[in-house]
Amino acid sequence: MNTRTQPRATVRGITLGLTTAAVLALTACSGGLQTGDLTGDASDMVEPAWAGPVTTPGSKIATIPLGDISVDVFQVGTVAAPTHGRYFDRTSGKPYIAEGDELVFFNYVVTNHGAPVDLDYSLILIEAFYDDGSYESSKMDTVDDEALYADQGVNWTGMPGPFEGRKPYTLGTGESYSLGRNLEYQPGQDITFRARYYPVDAYGETRLFDKVEGEASAVTH
């Protein structure tokens with residue numbers, strides 16, 4: 001299966017070196033966990049104090065460049081939705097993802113290759129949607145089920161501990177964290193991944209004009 005990637009990073013207010021995006025060959029996936037290609041494995045990675053252990057299932061399909069930060073995107077596995085998704089069609093009242101629909105999981109591994117970066121409690125915001133010319137809830141719907149995430153070997157959140165309020169959450173040089181997300185499974189479809197973050201000052205206040213954002217594209221398998 002061929003993949004494509006069109007990474008792009010935009011930095012406003014600060015200048016950061018871009019990380020080269022890469023796409024590796026995909027292997028067929030029909031559910032369950034897979035061992036994918038990583039630069040090293042979870043045992044080689046160092047997590048910040050506020051993060052849980054990095055998990056590394058899946059096959060890498062894209063890398064999102066965010067200045068000196070990279071987000072490696074891995075397609076993990078598929079599973080039937082145990083419940084409906086977050087969003088409902090306004091006309092029919094039916095969920096975009098219904099119970100029993102097939103889901104695909106993605107694993108995002110965030111790594112800082114540069115100087116330490118102070119993030120707010122949202123950390124790196126990542127979203128995915130299928131490229132059919134629309135940008136709507138039906139293309140970004142997801143199922144919230146923490147046990148389902150555990151079954152797929154991905155983290156429910158990048159910050160599993162108790163919320164510590166508005167303060168800097170530092171992602172140090174060489175540090176990583178990971179989290180997963182799911183979407184309705186559409187094999188062989190173009191998909192775009194977007195990520196962004198806002199650095200914060202010493203008091204945890206967001207520096208809105210210093211937003212860093214990037215995107216990458218791939219094809220699901």
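The values are calculated or read from the model by the stated rules, or taken from the named source; none is laboratory data. In this text, all values refer to a predicted model and were calculated from it rather than measured experimentally. Every residue, glycine among them, receives a Cβ derived from its backbone with ideal geometry; neighbour counts consider all protein chains shown.
Miscellaneous remarks
- So G174, is it touching a His at 6+ places or on another chain (Cβ under 8 Å), of a type in the set (G, A, S) and in contact (Cβ under 8 Å) with a residue 12 or more places away in the chain: yes
- Count - residues of segment 186-197 that are part of a loop (DSSP other than H, G, I, E, B) and surrounded by 18 or more Cβ atoms within 10 Å (Cβ to Cβ): 0
- Here Q75 meets the list (1) assigned to a loop (DSSP other than H, G, I, E, B); (2) polar (S, T, N, Q); (3) buried (at least 22 other Cβ atoms within 10 Å of the Cβ) almost entirely, failing just condition (1).
- Scan of segment 162-185 for residues that are part of a strand (DSSP E or B) and farther than 22 Å from D68 by Cβ, ordered by number: G180, R181, N182, L183, E184
- Residue that is farthest from Y96 (Cα to Cα), among those in segment 198-221 that are small (G, A, S) and crowded, with 19+ Cβ neighbours inside 10 Å: G214
- The single residue among E175, E215, E146, E184 that is closer than 30 Å to P95 by Cβ, modelled with pLDDT of 95 or more and under 17 Å from the mean Cα position of the chain (by Cα) turns out to be E215.
- Answer residue from segment 93-126, given it is of a type in the set (F, W, Y) and out of contact with any Phe, Trp or Tyr (no Cβ under 7 Å at 6 or more places or on another chain) and is surrounded by the fewest Cβ atoms within 10 Å (Cβ to Cβ) among those: Y108
- Residue in segment 103-113 that is part of a loop (DSSP other than H, G, I, E, B) and either polar (S, T, N, Q) or at pLDDT 85 or above (or both) present: yes
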